[in-house]
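I have placed the structure first, in the form of structure tokens, so that the comments after it can refer back to it.
Read the figures in this text as sums done on the coordinates, not as results from a lab. Everything numeric in this text was worked out from a predicted model, so none of it was measured. Cβ atoms come from the backbone with ideal geometry, glycine included; neighbour counts cover every protein chain shown.
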Amino acid sequence: MSIQEKKAVFNLITTIVFMGGYIFYTFGIHGDESLPRINEIQFWGEFMLVMMGVTIVLKIAAHILFSIVMTSRHKDEDLEFMDDYDKQIEMRSDRNSNYIFIIGFISSMIPIAMGKPVYYMFITLLAGGFISGIVSDLFKLRYYKKGIKL
Amino acid sequence: MSKDHIQNNIRTLRFFKDEMTQQALADEVGVTRQTIVAIEKMKYPPTLEIAFRIANVFGVPITEVFSYDAEADNFKKRTNKRC
């Protein structure tokens, strides 16, 4: 497995663990406090902002650890090196991920237009963001395995 | 687009260059070994610049490294609507 593939797998795992972990922490462990507030926009604002902050900090910390481990294992290789093939794969997987996020964003407007409670919108938005994050890395792995055609 | 309209002889050329490794070729060309693997397996058509660099490493014209089969290339020709 190449360094870029290892990075994609690592990103995939951290996205699932950190985002999934925070969602479980809020709605599972602290469900008694959170669930009665799901109709409040203020709750969702706080939840989204804290989740973004927490996941960014944890991801930075995890990436530092990952870089240390990878540097010790691949002493001769430049971890940040990306050639044209890597850039093409990154652009294509990011494009696919953006499509998923846009679909998620538009879908989140549907329950609001139908007069459903506000948490439908935020849950759809959250799911869209979560799936798009995962899809990006999954597509990277797929492109590295199957190749790309221009 | 057809699957194999661009072929290459990189594996053969590496063999005749003292069984040059993929890593050695990748280093000479300035890409990763993964990219050389993808090019050899025809999973990725390289850019013109990389193609020229590969030909340069083997000291042969680019047509000896890559070949193009126009009949196998089922690309859609553009039609000019203004005419």
> Can you tell which of B:Ala55, B:Ala70, B:Ala24 shows the greatest fluctuation in a Gaussian network model of chain B with Cα springs below 10 Å?
Replying inline: B:Ala70
> Hey, got a sec? Which GluC sites (Glu not before Pro) in the stretch A:29-93 land in a DSSP loop and have at most 10 other Cβ atoms within 10 Å?
Replying inline: A:Glu80
>> Using a 10 Å cut-off around each Cβ of peptide A:2-12, what is the average number of partner chain Cβ atoms that fall inside?
In response: 1
> According to a simple spin-label model (label point 7 Å from Cα along Cα-to-Cβ), what is the distance in nm between B:Asn74 and A:Ile68?
Replying inline: 5.4 nm
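Explain nothing, just the number: dipole magnitude of chain B about its Cα centre with +1 on each Lys and Arg Cβ and -1 on each Asp and Glu Cβ, in debye rounded to the nearest 20. All intermediate terms of the calculation are to be shown ahead of the outcome.
On the way: 13 positive and 11 negative charges, 133 e Å.
Result for chain B is approximately 640 debye, rounded to the nearest 20.
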> Given springs between every Cα pair under 10 Å in a Gaussian network model of chain A, which of A:Thr71, A:Thr14, A:Thr26 has the largest fluctuation?
Replying inline: A:Thr71
> About the Cα centre of the stretch A:12-150, what is the dipole size in debye to 20, counting +1 per Lys and Arg Cβ and -1 per Asp and Glu Cβ, all else neutral?
Replying inline: 500 debye
> Which lysines have a Cα less than 29 Å from the Cα of B:Lys76, not counting those fewer than 8 places away in the same chain?
Replying inline: A:Lys87, A:Lys140, A:Lys145, A:Lys146, A:Lys149, B:Lys3, B:Lys41, B:Lys43
> For chain B, which longest stretch is free of loop sites, where a loop site is one of the GluC sites (Glu not before Pro) that DSSP puts outside H, G, I, E and B and that has at most 13 other Cβ atoms within 10 Å?
Replying inline: B:20-70
> Can you tell which of A:Met82, A:Met114, A:Met70 shows the greatest fluctuation in a Gaussian network model of chain A with Cα springs below 10 Å?
Replying inline: A:Met114
> Among A:Phe10, A:Phe66, B:Asn80, whose Cα sits farthest toward the positive end of the charge dipole of the protein assembly as shown (+1 at Cβ of Lys/Arg, -1 at Cβ of Asp/Glu, about the Cα centre)?
Replying inline: B:Asn80
> Using Cα atoms only, what is the angle between the long axis of helix A:3-24 and the major principal axis of chain A, expressed in degrees (0 to 90) to the nearest 10?
Replying inline: 20 degrees
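For chain A, what does -39500 (n - 2.57) per DSSP helix run (n ≥ 4), summed and divided by total residues, give at 222 nm, in deg cm²/dmol to the nearest 500? Don't skip to the end; give the middle numbers.
On the way: 5 runs with 118 residues, N = 150.
Dividing the helical sum by the residues of chain A leaves -27500 deg cm²/dmol.
Compute the FRET efficiency between A:Tyr25 and A:Asp78 as 1/(1 + (r/R0)^6), taking r as their Cβ-Cβ distance and R0 = 35 Å, and round to the nearest 0.05.
Working: r = 37 Å, r/R0 = 1.06.
After rounding to 0.05, the efficiency reads 0.40.
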> How far, in degrees from 0 to 90, does helix A:84-113 lean away from the longest principal axis of the Cα atoms of chain A, to the nearest 10?
Replying inline: 10 degrees
>> Can you give me the C-alpha center-to-center distance between the stretch B:26-58 and the stretch A:28-102, rounded to a whole angstrom?
In response: 32 Å
